[in-house]
Amino acid sequence: MKIKSIKIKNFKSLREVEVDTSSFNVFVGQNNHGKTNLFQAIEWFYTGKTDTDSFRHINAVSTDEVSVEIEFSERKLAVILEREAEKWFKPTKGQFQIFYKSGADHLEYQPDFVAETAEHIYMLEPKDRNKLDATDVIAKRDIAVKWCQNATDHAKTYGGKPWSYVLLPHDVIADNMTLAALPQQFTAK
């Protein structure tokens, strides 16, 4: 899963910091300006060490909370799928053999999630809203819609479930949404 944002409070030199991340990030700056502390805060988040006094900001009092919050772009969708899908998974490279054209190249497309309900199978692709109209995103969408139609046609021959491709802006996904609501709003055709 990709990190969407990082919020840090009272961790070493980082009194209160919020970092919104993108697909690719570079941290550049002078020495002693917090770059290493940012990465140590992320490490602290994952290791779950309980000794906060050694990390507490120098101006924070002992009752001030030391916290690191990391939001993952796909976490909310994974929560919905875990709660509502009969089965779901994150496909691996080569699993679907879907290729799209990017310039002169034919690149493999790997959807973020596949989820099966009692009635349907969905390929789900959450994407940053500002990237929905990108050439590669449109090319992936178009080939995935075609792949899902072919899979549906084949499934009809043996009474299988239909397939649909769902491209959705990541910022519309909320923990209280239902899996049924997402395809109704965002199924690509």
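For 145, 26, what's the largest-to-smallest order of accessible area, 1.4 Å probe?
26, 145
Using the Kirkwood radius built from alpha carbon pairs, what does the Stokes-Einstein equation give as D for region 103-148 at 4 °C and 1.567 mPa s, in µm² per second?
109 µm²/s
Leaving out ligands and nucleic acids, and using a 1.4 Å probe, what accessible area per residue does the chain come to in Å²?
For the chain, the per-residue accessible area is 61 Å².
Classify region 94-170 as rounded, prolate or oblate, taking a ≥ b ≥ c as the square roots of the eigenvalues of its Cα gyration tensor: rounded when a/c is under 1.5, otherwise prolate if a/b is larger than b/c and oblate if not.
Oblate.
In sequence order, what are the phi-derived ³J(HN,Hα) couplings for region 103-118 according to the Karplus relation 6.51 cos²θ - 1.76 cosθ + 1.60 with θ = phi - 60°, rounded to whole Hz, with x for glycine and proline?
Running phi through 6.51 cos²θ - 1.76 cosθ + 1.60 with θ = phi - 60° gives x, 8, 9, 10, 9, 7, 9, 10, x, 5, 9, 10, 10, 10, 10, 4 Hz.
Under 8 Å for C-alpha pairs, at least 6 residues apart: give me the relative contact order for region 79-189, rounded to a whole percent.
Averaging sequence separation for qualifying contacts and normalising by length gives 26 percent for region 79-189.
For region 78-189, with the dipole built from +1 on Lys and Arg beta-carbon atoms and -1 on Asp and Glu ones, taken about the Cα centre, which of 157, 107, 95 lies farthest toward the positive end?
Of the listed residues, the answer is 157.
Can you give the extra length, in nm with one decimal, that the chain gains between residue 13 and residue 42 once fully stretched, where that is 0.36 nm per residue apart less the Cα-Cα distance?
So the chain would gain 9.0 nm between residue 13 and residue 42.
Between residue 20 and residue 157, with labels modelled 7 Å along Cα→Cβ, what's the label distance in nm to one decimal, could you check?
Going from the residue 20 label point to the residue 157 one covers 4.8 nm.
If contacts are Cα pairs under 8 angstrom and at least 6 residues apart, what is the relative contact order of the chain in percent?
18 percent
Apply 1/(1 + (r/R0)^6) to the Cβ-Cβ distance of residue 89 and residue 58, taking R0 = 45 Å, and write down the FRET efficiency to the nearest 0.05.
Here the calculated transfer efficiency is 0.45.
Considering only Cα-Cα distances, which of the following residue pairs are longer than 27 Å: 4/93; 7/101; 131/156; 7/76; 12/127?
Pairs exceeding 27 Å: 7/101; 131/156; 12/127.
Give the relative contact order (percent, whole number) for region 22-114; include only Cα pairs under 8 Å separated by 6+ residues.
It rounds to 16 percent for region 22-114.
Would you mind computing Rg(Cα) / (2.2 N^0.38 Å) for region 11-90, counting N as its residues?
The reported ratio for this selection is 1.41.
What FRET efficiency comes out for residue 105 versus residue 189 if R0 is 22 angstrom and r is the Cβ-Cβ distance? Round to the nearest 0.05.
Efficiency at R0 = 22 Å is approximately 0.25.
If eta is 1.567 mPa s and T is 4 °C, what Stokes-Einstein diffusion coefficient results for region 11-150, Kirkwood Rh from Cα pairs, in µm²/s?
The calculation lands on 69 µm²/s.
Could you please state how large a percent of the accessible area of the chain is carbon and sulfur, counting protein chains only and using a 1.4 Å probe?
C and S atoms contribute 49 percent here.
The values are calculated or read from the model by the stated rules, or taken from the named source; none is laboratory data. Computed from a predicted structure; not experimentally measured. No Cβ is skipped: glycine too gets one built from the backbone with ideal geometry, and neighbour counts run over all protein chains shown. SASA here: full protein model, heavy atoms, side chains in, ligands and nucleic acids out. Shrake-Rupley method; radii C 1.70, N 1.55, O 1.52, S 1.80 Å.
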